[in-house]
Amino acid sequence: MLIGELSSRTGVSRRMIRYYEQQGLLESARGTNGYRQYDDQAPAVVGHIKNLLAAGLPTATIAGLLQCVHGDPARPVLSGCPGMVDGLQAERARVAAEISRLNTSQEVLDILLEAAVHGPR
DNA sequence: CTTCTGACA
DNA sequence: TGTCAGCA
C-alpha cells in the first residue's frame, strides 16, 4: 500500500509517517516512481510507534524497542530485548516520581486557592 | 489524482 | 506538524 492508505488506515498523517522514517522507526520500499510502498504489517508497526511515542519514549529508544515488540498494538507482545526491560522499568519509576511531584504542586495550589476564596473581595 | 522533497507567513 | 511549491 502507498503512504496515503497507510495514513488513512492508521490515523497518522503522511507527514508524520515520513517523519517516522526519518527517525529510523519505519521502513519502506520504493516503487520505480519513487513512491514509498508498505507491506501489510506496516499498520501494526505504526500502531506500536504511536503507543511508544505516547509513553513518552525518545525515538532512539523506540527504534530499538520496535525490534522486539510484536503483535496487535492493542495487545503488545514484547519478546527478547531483556536489556530494554531494565530501562523501561527505570523510565516507569521516573514517570511515577514526576506524578508525585505534580501532585505536590497541585496540593500547594489548592491550598492557595482555598485561601483566595476566603480572602478579601 | 497521488506522492516526493524542501522550506516556513 | 500543517501546508505550499514545483515535479513526476
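The values are calculated or read from the model by the stated rules, or taken from the named source; none is laboratory data. In this text, all values refer to a predicted model and were calculated from it rather than measured experimentally. Don't worry about glycine lacking a Cβ; one is built from the backbone with ideal geometry, like all the others, and counts go over all protein chains shown.
The table below lists the values:
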{"item": "Residue satisfying condition, being touching a Phe, Trp or Tyr at 6+ places or on another chain (Cβ under 7 Å), small (Gly, Ala, Ser) and surrounded by 17 or more Cβ atoms within 10 Å (Cβ to Cβ), within set A:Ser28, A:Ser7", "result": "A:Ser28"}
{"item": "So A:Ala63, is it outside the structural domain of A:Leu25 (by TED's automatic domain parsing), in a helix (DSSP H, G or I) and either at negative phi or under 16 Å from the mean Cα position of the chain (by Cα) (or both)", "result": "no"}
{"item": "Set A:Glu27, A:Glu5, A:Glu21: member being acidic (Asp, Glu) and within 16 Å of DNA strand C (Cβ to nearest atom)", "result": "A:Glu21"}
{"item": "Some residue of region A:40-52 being more than 16 Å from DNA strand C (Cβ to nearest atom), loosely packed, with under 10 Cβ neighbours inside 10 Å and not in a helix (DSSP H, G or I)", "result": "yes"}
{"item": "Positions within region A:1-42 being in contact (Cβ under 8 Å) with a residue 40 or more places away in the chain and more than 10 Å from DNA strand B (Cβ to nearest atom), in sequence order", "result": "A:Thr10, A:Gln23, A:Leu25, A:Ala42"}
